[in-house]
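Student: Dumping the structure here so I can ask a few things about it.
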Ligand code: RUQ
Ligand code: CUA
């Protein structure tokens, strides 16, 4: 036991990178650079992205996981992956799709009764207030099975999936309007709105495109399907969209390709789709007034109902001056509204230009009804030239844009040229180009599409990295490249492979804007945010049987599952409600029953349910799947499934020898004594924490709360132990005392972490020399014999500089050449006492000096050790 507490962590205080580099630059750094073939620029780039352990990122990125149907979360500038959020695809770690509650969310995504277990995620979007990210909700679309999912940024879990009732595919979503009133989702491949067969030669008559405006409840974070509607559009293939903001708030912009309305037919000798769909020199930018349309949708006479969903027909939209078209160059892809809402930049994949439209010009044309004509569906067309601010030649294959805080500055990806262009959409001047890896698609700026772009970095989202990483077979990882844009020219810092689907879009937000919680209110169903019907508190665990339905109310807490045995009959329908009773923030438990294809992840305070039919006979261990504590392996139980119609022969009992009463008593006394000693250590830590005002530091106070959650469980166990001892059942009393010891270890574990954290906060700051000294002390192996604040296999070094006349010189001599002093009476005495000689660790003079600085720092903070 004592050993356990010796393990007080060493105090490596946050070293500043500058100090480390400068002190190491001449020797160590050069050596590493040479060995790894790094240039000075490489090292600077590394320093710009490196996060020492414990240091967190400035920005958090939510990236589409493409065909994986997930969302990937990572940090910038470190490019470290933090989480994969399960969205449209089952994900076992999070239990997503394997427990009843998450399965309900996943199944909201069924289409026409069919289960869908994947998604093609494209565009994540963060909810907005005044066009700025509020850090509350994340929406993402599925192109293949037109759906939108809502993720709660308080726990990074998917809470809702809605199916578009009329589209058959949808690409141009999800985009929040500037106060998150609506989420825009545009169709992609035109198809009939109804679910019937319509021959392709009736394409122009019965196939339709559209834009759905999903009403969003910003408080609850849910789409309100009943208050949502779709604007019917011609069967042009609608593509990306953006919502207006600032001066263009209330309007939406969606571009398109295939205004040719070509429908292919390779198999009947027609030229392929790609030829026919890119024939025209221009396609159409759709401009619509969603605010007005939302008002129109409230009145029956303005809508048609298809599949239970409101549609505003094109002629109604036109009649109310809410829908217009503007020609835009050849097969465009991205459309991006500037931070102030005045400029709308459209990039044509097959055009070398970016076209910058000006909202005030568009508005004027609309106001004065200056149309150059109408399309075949009667939608007024505005003149392209008169709507344009201007065009800029950027290069081959411009796709997507991002903004920076510099006025007029915009970044555009060039798919064919594999470049990023920095240019100015006001002056229409190209400023800089940077080569990136192949197949760039979207870019991700820091809040780069909000009304408040942060600049600093741009991420180039490249598809299928063929030569940048180890070959892992013909299917390549994707490549996210981080680019520094804080200088005059762009500088590519680092590549990050992502082994999931096509990256599409990503959005980045300042980390300080996110406030995820660390535990749930006890008994929460995390998917609904409400109290779970299966909530079970300690003492309420039970198994209820109703015919062939067996319901288990269970709890999980380090390190046991209650109950530990569940016996059912073959064919029983088993429901297991589980509540994780923990309050400590890292105490997630997982739960599975072997062979039954179920799994749950229970975060502290969460309740969830597993359900299955016990259709195979046998003995099935169930266990906690998250390494939650030293006794994690013991956190298990058995599901026993027996056939009620079978006769089972019982096995012969094995004879075991038992302890004598005297032996039992001795073990009991020993266990109690160990617990008393452990408690004394805990009390000393508690005293230290109190004496040093731990409650003034939030991080420490949180840890202390966690520790006392454990400690608070001890009296109940003690009572049981004492009762058993009194009743003469020492066997049982020992087991309860053991349980107390477990709780104490857990308390002490967190308590010591709290103490360590507190010491880091209140100790005096370390100079560079002290840091170097501590490092030399650690690397020289000094800690093997000397524990600061304790006599260990060598003397405690606290105060060592005061122990000798001319202490510093004495210590220096002793470190550098100890063997010369073995015969000095003081040293000789020590050698005899510890039965060990101080070895010569061949420290340099500089290292020795630094160690002495470190020893001085220890003396300054002696009260903390
Ligand atoms: S996409 S590479 Cu947004 Cu689906 Cu453009
Ligand atoms: Cu709980 Cu492992």
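The values are calculated or read from the model by the stated rules, or taken from the named source; none is laboratory data. It should be emphasised that the depicted structure is a prediction, and the values quoted were computed from it without experimental measurement. Heads up, the Cβs are rebuilt from the backbone with ideal geometry, glycines too, and the neighbour counts pull from every protein chain shown.
Student: Of the residues in segment 500-521, how many are closer than 14 Å to residue 605 by Cβ, surrounded by 16 or more Cβ atoms within 10 Å (Cβ to Cβ) and at pLDDT below 95?
Tutor: So the count comes out to 1.
Student: Yes or no: segment 137-144 includes at least one residue that is part of a loop (DSSP other than H, G, I, E, B), within 15 Å of ligand 1 (Cβ to nearest atom) and touching a strand residue (DSSP E or B) at 6+ places or on another chain (Cβ under 6 Å).
Tutor: The first filter runs over segment 137-144 and keeps only residues part of a loop (DSSP other than H, G, I, E, B), leaving 143-144.
Next, only the ones that are within 15 Å of ligand 1 (Cβ to nearest atom) stay: 143-144.
If we keep only those that are touching a strand residue (DSSP E or B) at 6+ places or on another chain (Cβ under 6 Å) as well, we get 143.
Looking for residues that are part of a loop (DSSP other than H, G, I, E, B), within 15 Å of ligand 1 (Cβ to nearest atom) and touching a strand residue (DSSP E or B) at 6+ places or on another chain (Cβ under 6 Å), one finds at least one in segment 137-144, hence yes.
Student: Among the residues of segment 410-425 satisfying the criterion of being within 9 Å of residue 397 (Cβ to Cβ) and in a strand (DSSP E or B), which is farthest from ligand 2 (Cβ to nearest atom)?
Tutor: 414
Student: Another question, if that's okay. Taking the condition of being assigned to a strand (DSSP E or B) and either modelled with pLDDT under 95 or surrounded by 15 or more Cβ atoms within 10 Å (Cβ to Cβ) (or both), how many residues in segment 346-377 meet it?
Tutor: As a first pass, look at segment 346-377 and keep what is assigned to a strand (DSSP E or B): 346-348, 353-358, 373-374.
After this cut, where a residue has to be either modelled with pLDDT under 95 or surrounded by 15 or more Cβ atoms within 10 Å (Cβ to Cβ) (or both) as well, the list is 346-348, 353-358.
The qualifying residues number 9.
Student: A follow-up question, please. Between residues in segment 500-528 that are free of Cβ contacts under 8 Å to residues at least 12 places away in the same chain and residues that are in a loop (DSSP other than H, G, I, E, B), which pairs lie under 9 Å by C-beta distance while being six or more apart or on different chains?
Tutor: 512/58
Student: Being more than 30 Å from the chain's Cα centre (by Cα) and in contact (Cβ under 8 Å) with a residue 60 or more places away in the chain narrows it down to one of 194, 130, so name that one. Steps first, answer last, please.
Tutor: Values: 130 fails: more than 30 Å from the chain's Cα centre (by Cα).
Sole residue among the options that is more than 30 Å from the chain's Cα centre (by Cα) and in contact (Cβ under 8 Å) with a residue 60 or more places away in the chain: 194.
Student: Residue by residue through segment 561-584, note down the ones that are in contact (Cβ under 8 Å) with a residue 40 or more places away in the chain and surrounded by 18 or more Cβ atoms within 10 Å (Cβ to Cβ).
Tutor: 561, 566, 568, 572, 574, 577, 578, 579, 581, 582, 583, 584
Student: How many residues are in contact with a helix residue (DSSP H, G or I) (Cβ under 7 Å, 6 or more places away or on another chain) and either more than 16 Å from ligand 2 (Cβ to nearest atom) or in a strand (DSSP E or B) (or both) if we restrict to segment 533-558?
Tutor: 0
Student: I'm checking my understanding of the structure. Among residues of segment 308-333 that are within 16 Å of ligand 1 (Cβ to nearest atom) and part of a loop (DSSP other than H, G, I, E, B), which one is nearest to the chain's Cα centre (by Cα)?
Tutor: Looking at the filtered set, the residue picked out is 331.
Student: Somewhere in segment 99-120, is a residue modelled with pLDDT of 95 or more, within 16 Å of ligand 1 (Cβ to nearest atom), in contact with a helix residue (DSSP H, G or I) (Cβ under 6 Å, 6 or more places away or on another chain) and not in a helix (DSSP H, G or I)?
Tutor: Yes, segment 99-120 contains at least one residue that is modelled with pLDDT of 95 or more, within 16 Å of ligand 1 (Cβ to nearest atom), in contact with a helix residue (DSSP H, G or I) (Cβ under 6 Å, 6 or more places away or on another chain) and not in a helix (DSSP H, G or I).
Student: Return only the number of the condition from (1) touching a helix residue (DSSP H, G or I) at 6+ places or on another chain (Cβ under 7 Å); (2) at negative phi that residue 212 does not satisfy.
Tutor: Every listed condition holds for residue 212 apart from (1).
Student: While we're here: Please work out if residue 494 is within 24 Å of residue 45 (Cβ to Cβ) and either surrounded by fewer than 24 Cβ atoms within 10 Å (Cβ to Cβ) or within 16 Å of ligand 2 (Cβ to nearest atom) (or both). Working first, answer last.
Tutor: Values: within 24 Å of residue 45 (Cβ to Cβ): yes; either surrounded by fewer than 24 Cβ atoms within 10 Å (Cβ to Cβ) or within 16 Å of ligand 2 (Cβ to nearest atom) (or both): yes.
In short, yes.
Student: Just to be sure before I move on: is residue 829 part of a helix (DSSP H, G or I) and either free of Cβ contacts under 8 Å to residues at least 40 places away in the same chain or surrounded by 14 or more Cβ atoms within 10 Å (Cβ to Cβ) (or both) in the structure I sent? Outline the logic, then answer.
Tutor: Details: part of a helix (DSSP H, G or I): yes; either free of Cβ contacts under 8 Å to residues at least 40 places away in the same chain or surrounded by 14 or more Cβ atoms within 10 Å (Cβ to Cβ) (or both): yes.
Judged against the criteria, residue 829 is a match.
Student: Here's another thing I want to ask about it. Test each condition in (1) more than 23 Å from residue 457 (Cβ to Cβ); (2) touching a residue at least 24 places away in the same chain (Cβ under 8 Å) for residue 107 and report the one that comes out false.
Tutor: Residue 107 satisfies every listed condition except (2).
Student: Out of all the residues in segment 116-129, which are within 12 Å of residue 509 (Cβ to Cβ) and surrounded by fewer than 24 Cβ atoms within 10 Å (Cβ to Cβ)?
Tutor: Looking only at segment 116-129, we keep the residues that are within 12 Å of residue 509 (Cβ to Cβ), and these are 124-128.
The one that is within 12 Å of residue 509 (Cβ to Cβ) and surrounded by fewer than 24 Cβ atoms within 10 Å (Cβ to Cβ): 127.
Student: Considering only segment 610-640, state which residues are part of a strand (DSSP E or B), surrounded by 21 or more Cβ atoms within 10 Å (Cβ to Cβ) and either at pLDDT below 95 or away from ligand 2 (no atom under 16 Å from the Cβ) (or both).
Tutor: First, pick out the residues of segment 610-640 that are part of a strand (DSSP E or B): 610-613, 618-623, 636-640.
Now drop any that are not surrounded by 21 or more Cβ atoms within 10 Å (Cβ to Cβ), which leaves 610, 622, 639.
Once the filter is applied, which keeps residues that are part of a strand (DSSP E or B), surrounded by 21 or more Cβ atoms within 10 Å (Cβ to Cβ) and either at pLDDT below 95 or away from ligand 2 (no atom under 16 Å from the Cβ) (or both), segment 610-640 yields only 639.
Student: Need at least 3 residues that are more than 30 Å from the chain's Cα centre (by Cα) per element, so show me which helices (runs of 4 or more DSSP H) inside segment 686-802 make the cut, counting only ones lying wholly within it.
Tutor: Working: elements: 698-711, 714-726, 730-762, 768-779.
Because the criterion is at least 3 residues that are more than 30 Å from the chain's Cα centre (by Cα), the helices (runs of 4 or more DSSP H) in segment 686-802 that meet it are 714-726, 730-762, 768-779.
Student: What do you reckon, is residue 430 buried (at least 19 other Cβ atoms within 10 Å of the Cβ), away from ligand 1 (no atom under 16 Å from the Cβ) and more than 32 Å from the chain's Cα centre (by Cα)?
Tutor: no
Student: What's the number of the only condition in (1) closer than 22 Å to residue 396 by Cα; (2) out of contact with any helix residue (DSSP H, G or I) (no Cβ under 9 Å at 6 or more places or on another chain); (3) crowded, with 18+ Cβ neighbours inside 10 Å that residue 325 fails to meet?
Tutor: The single condition residue 325 does not satisfy is (1).
Student: If you don't mind, another one. Would you confirm whether or not segment 489-496 contains a residue that is assigned to a loop (DSSP other than H, G, I, E, B), under 30 Å from residue 443 (Cα atoms), more than 25 Å from the chain's Cα centre (by Cα) and more than 16 Å from ligand 1 (Cβ to nearest atom)? Explain how you work it out, then say what you get.
Tutor: Going residue by residue through segment 489-496, those that are assigned to a loop (DSSP other than H, G, I, E, B) are 489-490.
Going one step further and asking which of them are under 30 Å from residue 443 (Cα atoms), we end up with 489-490.
Going one step further and asking which of them are more than 25 Å from the chain's Cα centre (by Cα), we end up with 489-490.
Now narrow it down to the ones that are more than 16 Å from ligand 1 (Cβ to nearest atom): 489-490.
Within segment 489-496, one or more residues are assigned to a loop (DSSP other than H, G, I, E, B), under 30 Å from residue 443 (Cα atoms), more than 25 Å from the chain's Cα centre (by Cα) and more than 16 Å from ligand 1 (Cβ to nearest atom).
Student: Of the residues 159, 168, 132, which single one is at pLDDT 95 or above, within 18 Å of residue 513 (Cβ to Cβ), more than 16 Å from ligand 1 (Cβ to nearest atom) and surrounded by fewer than 24 Cβ atoms within 10 Å (Cβ to Cβ)?
Tutor: On the way: 159 fails: within 18 Å of residue 513 (Cβ to Cβ); 168 fails: within 18 Å of residue 513 (Cβ to Cβ).
That would be 132, the only listed residue that is at pLDDT 95 or above, within 18 Å of residue 513 (Cβ to Cβ), more than 16 Å from ligand 1 (Cβ to nearest atom) and surrounded by fewer than 24 Cβ atoms within 10 Å (Cβ to Cβ).
Student: Consider residue 561 carefully, then state whether it is within 16 Å of ligand 2 (Cβ to nearest atom), at pLDDT 95 or above and either closer than 28 Å to residue 158 by Cβ or in a strand (DSSP E or B) (or both). Working first, answer last.
Tutor: Values: within 16 Å of ligand 2 (Cβ to nearest atom): yes; at pLDDT 95 or above: yes; either closer than 28 Å to residue 158 by Cβ or in a strand (DSSP E or B) (or both): yes.
So residue 561 passes the test.
Student: While we're here: Test of understanding: among 400, 437, 389, which residue is outside any strand (DSSP E or B), at negative phi, crowded, with 18+ Cβ neighbours inside 10 Å and touching a residue at least 12 places away in the same chain (Cβ under 8 Å)?
Tutor: Values: 400 fails: outside any strand (DSSP E or B); 389 fails: outside any strand (DSSP E or B).
Only one candidate qualifies: 437.
Student: Additional query: Mind checking whether some residue in segment 649-658 is within 16 Å of ligand 2 (Cβ to nearest atom) and either without any contact (Cβ under 8 Å) to a residue 12 or more places away in the chain or touching a strand residue (DSSP E or B) at 6+ places or on another chain (Cβ under 9 Å) (or both)? Give the steps one after another, and end with the answer.
Tutor: Residues of segment 649-658 within 16 Å of ligand 2 (Cβ to nearest atom): none.
Within segment 649-658, none of the residues are within 16 Å of ligand 2 (Cβ to nearest atom) and either without any contact (Cβ under 8 Å) to a residue 12 or more places away in the chain or touching a strand residue (DSSP E or B) at 6+ places or on another chain (Cβ under 9 Å) (or both).
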